[in-house]
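The values are calculated or read from the model by the stated rules, or taken from the named source; none is laboratory data. Quantities reported herein were computed from a predicted structural model and do not represent experimental measurements. Glycine also receives a Cβ, built like all others from the backbone with ideal geometry; neighbour counts cover every protein chain displayed.
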Amino acid sequence: MNFSKYLRFAVVGACALAACKGGPPTAQKPGKYSSTTGIEYNTEEGMKVADYQGIPDGPGLVFIEGGRTVLGSAEEDVAMTHDNLERTVTLASFYMDEAEVANIHWLEYLHFVRKDSAEEFYLSALPDTTVWARELSFNDPYVDYYLRYPGFRYFPVVGVSWLQANDYCTWRTAKVNERLAGDADDSGSSGGGGLFKRKKKADAGAAAEGTSEDGGKSKIAIENGNTLPNYRLPTEAEWEYAAQSLIGTQETGNENQENKRIYPWDGRQVRNSYGKKMGQFLANFKRGRGDYAGIAGSLNDGAMITEYVYAYPPNDYGLYNMAGNVNEWVQDIYRPLSFEDVEDLNPFRRNGFLDPSEKYDKKGYQSLIDDHVRVYKGGSWRDVAYWLSPGTRRFMAEDSATATIGFRCAMINAGSNK
């Protein structure tokens, strides 16, 4: 290397390391040169570094700021399960659907599955509409109409198993990222709260590390920042944390969590305490034996079965129906002692680790627990108020479905602690 070339690299490297233009490099502004080698990015010699303006906007999602909290049941353990005792944990920030996945969303899923997949998979994606059928109840119309009739479009989809919900999350991830990549190719911009702009330097340098070139254009890749992380079911801890929504009780600058909620709203009751809607129920649930909605002429929660997914006031994170309407699937397998076993940072219960299913006598009908039962939370239109508390938990086989369980999706907050 001659002296002038050495001097150029030294000056470039010193400038990069000293962050001589506008402070140290960031994910959004990595600079023109590498801060470790001084080599220029996006050249024949250097690595391709895509423009990045932050995680693209995910349709339907709201941001949930993470932090320290106390998870577990704050209510008397009426069911005597002792399976969710209080403990302190920390959760990273994440995103969650503002409302439950609705019938219209599932019909859209079926539309694309029928176009793009085998008939066998399409049939496997159909919800079990017979969950409405009851031998001693005339719910027959719901079997035919609940999923497909336009009036029920924005009612929560039910009759969906945990396995089907996971398949939906996989499809939704692919479909949203396909659209984002298409937007970037066509217009040079896409989400990110705004835009991520395609570089115009034609074919200078290789594709980003771990990617390849396809006809002169980089394929969709994590390194390009033009896709969203996976849509998925929330973990039990994420779901419970989001339902608590204690951000609404927190005083600015006070690191102590001095208040806790029994339900996703303030107070110890299930009725609205304020304004013109004082006395109205804040969730869709069963008030008592035979009482699902109140008396004609003065209906209270007004919902004999499920309700519009945006009914009732949202909690302080902007999430609707985190109590009542339908229970919701979460990722975790069920174990009664998860609260003792899981980590205190982003706790999650997965298959095949600690507390093996062999300890549970399912074959002898002494237990219902194995590695194929999943947790669901939140209470439903057919549950009493006890199950509306975020700390309560129940479980069901992952391939089963009922008229009282739906779901919503979640997503990590990639590349940020805030």
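Observations on the structure shown:
- Test: residue in the stretch 115-129 that is touching a residue at least 40 places away in the same chain (Cβ under 8 Å), in contact with a helix residue (DSSP H, G or I) (Cβ under 7 Å, 6 or more places away or on another chain) and not in a helix (DSSP H, G or I): yes
- R114 being under 19 Å from P59 (Cβ atoms), basic (K, R) and not assigned by TED's automatic domain parsing to the domain that holds T404: no
- Count of the stretch 244-261 residues which are part of a loop (DSSP other than H, G, I, E, B), in contact (Cβ under 8 Å) with a residue 40 or more places away in the chain and either over 24 Å from the mean Cα position of the chain (by Cα) or within 15 Å of N321 (Cα to Cα) (or both): 2
- Within the stretch 134-173, the residues that satisfy the criterion of being surrounded by 14 or more Cβ atoms within 10 Å (Cβ to Cβ) and among the small types (G, A, S) are G159, S161, A165.
- Here Y95, Y52 are screened, and the one residue that is of a type in the set (S, T, Y) and assigned to a loop (DSSP other than H, G, I, E, B) is Y52.
- If you go through the stretch 359-380 and pick out every residue that is over 22 Å from the mean Cα position of the chain (by Cα) and either of a type in the set (S, T, Y) or surrounded by 24 or more Cβ atoms within 10 Å (Cβ to Cβ) (or both), you end up with 3.
- If you check G318, G324, G352 for being more than 18 Å from the chain's Cα centre (by Cα), of a type in the set (G, A, S) and in the same structural domain as K377 (by TED's automatic domain parsing), only one passes: G352.
- Residues located in the stretch 204-248, provided they are at pLDDT below 80 and charged (D, E, K, R): E209, E213, D214, K217, K219
- Residue check, Y365 at positive phi and modelled with pLDDT under 95: yes
- Residue within the stretch 84-91 that is under 24 Å from R232 (Cβ atoms), assigned by TED's automatic domain parsing to the domain that holds N256 and at pLDDT below 90 present: yes
- Meets criteria (surrounded by 13 or more Cβ atoms within 10 Å (Cβ to Cβ) and in contact with a Lys or Arg (Cβ under 7 Å, 6 or more places away or on another chain)) for Y317: no
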